[in-house]
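Inspection log for the structure reproduced underneath, given as structure tokens.
The values are calculated or read from the model by the stated rules, or taken from the named source; none is laboratory data. Keep in mind the model is a prediction, meaning the values are calculated, not measured. A quick note on method: Cβ atoms are made from the backbone with ideal geometry, for glycine too, and the neighbour counts reach across all protein chains shown. Only protein heavy atoms, including side chains, enter the accessible area calculation; ligands, DNA and RNA are left aside. Shrake-Rupley method; radii C 1.70, N 1.55, O 1.52, S 1.80 Å.
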Amino acid sequence: MNTPEFVLRGGTLVDAGTDGTPMDLLIREGKIAAHLAPGTPVDTSIPLQSAKGLHIFPGLIDAHIHFGFGEKITEYATETIYAAQGGFTTVLGYFLNNEAYADVFKREQEYARTRAYIDYAFHFSTANEEHIHELADYVKTYGVTSFKYFMNFKGEEGRYLGLDGTDDGYLFDLLSKAASIGDVKVVCHTENIEIVNRIRTRIQASGGSTLKDWSRAKPAFTEAESSVRAMYFAEHLGAQIYIPHISTRMALDEVRKWRGRYDKVFVETCPHYLTHTEDSDLLGMGKANPPFRSADDVAAMWEGLQDGTIDVVASDHCPRKRATKEKPLWLASQVFPGTATILPVLLHEGYHKGRLSLRRIAEVLTQAPAKIFNVAPRKGSLAIGADADITLVDLNLSRVVNPAELGSYSDYSLYEGQNLKGWPVQTIVRGTTVMSNGKILGQPGFGNYIFRSLAEPKEGAHS
């Protein structure tokens with residue numbers, strides 16, 4: 001239903017504050033206009049849309065996807081279609097570039113603005129001195145408030161992406177600059193590559209070729225130690241950091257301890273660290289960075305979601321083809337598609353198995369990423385005045401994962417052939433239905449770029 005005004009009637013609202021409250025919503029001009037008691041009479045001129053039997057979530061936000069690794073232009077259509085199939089109304093994509101971002105932004109916006117089906121924002125990766133120098137301008141001019149830094153891209157490690165090697169001195173200056181600007185997040189890929197390189201060389205020389213060998217080459221210590229270093233730097237400089245794709249109990253325990261002294265640390269994990277272990281026989285198809293870990297690490301990720309140590313679940317979505325993965329382990333490409341199956345995984349493995357409440361699922365997929373990455377209050381909630389971004393969910397719908405039905409440039413899924421219980425059945429972006437019952441109804445170019453503004457500093461806060 002694509003009308004400027006309608007009432008969504010008969011559904012059960014779920015957000016970070018409730019596991020389920022019967023409520024009707026009045027949508028007007030793309031915004032949440034009113035919360036209505038169920039069945040409240042409205043003017044007969046206002047259309048009604050039934051949400052009976054469905055749960056109404058705020059539009060889902062995937063804070064970690066990658067643009068540029070599929071088909072560089074048309075992926076703005078395919079990957080936002082894919083996201084909409086998973087109930088996502090907003091995605092935040094990373095750029096990994098060595099050049100200054102003025103030309104990058106202009107080029108990518110030309111690709112995206114006529115193709116995106118849902119709303120989107122960008123993170124910029126930082127790799128050279130010019131990026132630090134221009135950081136404040138990126139915030140002011142482009143509305144980018146989050147910047148990625150790869151702690152592992154020392155020496156030649158980042159050369160396959162065209163990125164210069166950096167060092168801890170660069171990280172020190174980057175965090176110092178970010179802190180001076182204000183509510184800026186530095187996204188730190190935590191990995192001690194100097195240790196990894198030595199271990200990896202020995203494992204390769206001994207003929208190791210399994211996912212367990214891949215995990216052994218990047219042991220938990222290399223994630224935990226660099227997480228501590230990043231948090232120490234951040235605390236010293238008053239900066240805010242976000243640790244993506246955390247995968248090990250060791251690293252998560254360090255976060256718990258550190259937050260007792262400094263709380264400007266935010267943490268993300270990914271669905272595959274909740275479902276797959278290093279004992280998987282997927283070989284190259286399961287190659288990711290960080291690797292799949294032990295069963296105990298998987299348990300730790302669920303514990304982190306339950307106790308609030310983990311703030312966000314995001315996909316690390318990368319739309320590569322199956323052919324790039326079906327290679328010997330050391331040659332296979334890393335990461336895989338993931339946005340469209342995040343919610344079914346959290347419902348099937350989390351809610352239906354008693355591990356997570358609905359409100360917690362809503363929090364890690366809506367409110368938390370919206371607040372952390374400066375798209376709240378416009379996104380991430382169903383508050384009056386927010387964008388009418390809505391994900392309608394059938395908790396009891398069982399569906400077999402079929403990549404061909406999901407629309408990505410990629411042609412496979414880690415969950416291919418699995419029957420998952422709990423799926424989005426309608427994706428509404430700013431009051432307009434983009435996906436309904438697996439069919440894309442939206443139009444390319446409907447998605448808007450989100451210019452993010454910094455949160456106002458609290459009185460007495462560090463600046």
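Computed packing ranks the peptides 33-43, 390-400, 421-431, 435-445 as 421-431, 390-400, 435-445, 33-43, most packed first, by mean other Cβ atoms within 10 Å. Would you mind getting me the FRET efficiency between ALA383 and ALA205? Use the beta-carbon distance for r and R0 = 45 Å, nearest 0.05. For R0 = 45 Å, the calculated efficiency reads 0.20. For region 299-311, backbone phi angles converted through the Karplus equation (6.51, -1.76, 1.60; θ = phi - 60°) give residue-by-residue couplings of 4, 5, 5, 5, 4, x, 5, 5, 9, x, 5, 8, 8 Hz, Gly and Pro being listed as x. Between ASN289 and LEU36, the contour length at 0.36 nm per residue exceeds the alpha carbon distance by 86.5 nm. Only DSSP H runs of four or more residues enter the estimate; each adds -39500 (n - 2.57), and after division by the residues of the chain the mean residue ellipticity at 222 nm equals -8000 deg cm²/dmol. Rolling a 1.4 angstrom probe over region 1-123 with all protein chains present gives an accessible area of which 55% lies on carbon and sulfur atoms.
Computed 3J(HN,Hα) for region 406-414, one whole-Hz value per residue from the Karplus formula 6.51 cos²θ - 1.76 cosθ + 1.60 where θ = phi - 60°, is 9, x, 6, 4, 5, 10, 7, 8, 4, glycine and proline marked x.
Annotation note: trypsin sites (Lys or Arg not before Pro) in region 72-154 located in DSSP loop regions with a Cβ neighbour count of at most 15 within 10 Å are LYS72, ARG113. Let me test this: with uniform point scatterers at the alpha carbons of region 32-110, what is the Debye-based log₁₀ I(q)/I(0) at q = 0.15 1/Å? Those come out to -0.72, one per q. Measuring from centroid to centroid over Cα atoms, what is the spacing of region 56-93 and region 106-158 in Å? A separation of 17 Å, based on Cα centres. Among the GluC sites (Glu not before Pro) in region 365-463, those located in a DSSP loop and surrounded by at most 12 other Cβ atoms within 10 Å of their own Cβ are GLU459. Going 7 Å from the Cα of THR18 in the Cα-to-Cβ direction, what parts of region 331-359 have a backbone nitrogen less than 19 Å from that spot? 357-359, by backbone N distance to the label point.
Per residue, region 50-181 exposes an accessible area of 33 Å² to a 1.4 Å probe, with every protein chain left in place. Taking the 1.4 Å solvent-accessible surface of region 162-272 as the whole, the part contributed by carbon and sulfur is 51%. Size descriptors for the chain, from the alpha-carbon set: Rg then Dmax equal 21.4, 74 Å.
Each residue of region 435-441 was assigned a 3J(HN,Hα) from its phi angle through the Karplus curve 6.51 cos²θ - 1.76 cosθ + 1.60 (θ = phi - 60°); the sequence is 9, 9, 6, x, 9, 7, 10 Hz, with glycine and proline shown as x.
Put simply, the convex hull of the Cα atoms in region 362-463 casts, on average, a shadow of 9.1 nm².
Here the gap between ASP279 and LYS52, fully extended at 0.36 nm per residue and compared with their Cα-Cα distance, gives a gain of 77.5 nm.
The convex hull built on the alpha-carbon positions of region 1-137 has an orientation-averaged projected area of 10.7 nm².
Remark: the chain carries a charge dipole of roughly 620 debye about the Cα centre, counting +1 on each Lys and Arg Cβ and -1 on each Asp and Glu Cβ.
Lysine pair count for region 258-413 with Cα-Cα distance under 22 Å and sequence separation of 8 or more or different chains is 6. Between ALA100 and GLU71, the FRET efficiency from the beta-carbon distance, with R0 = 25 Å, is close to 0.50.
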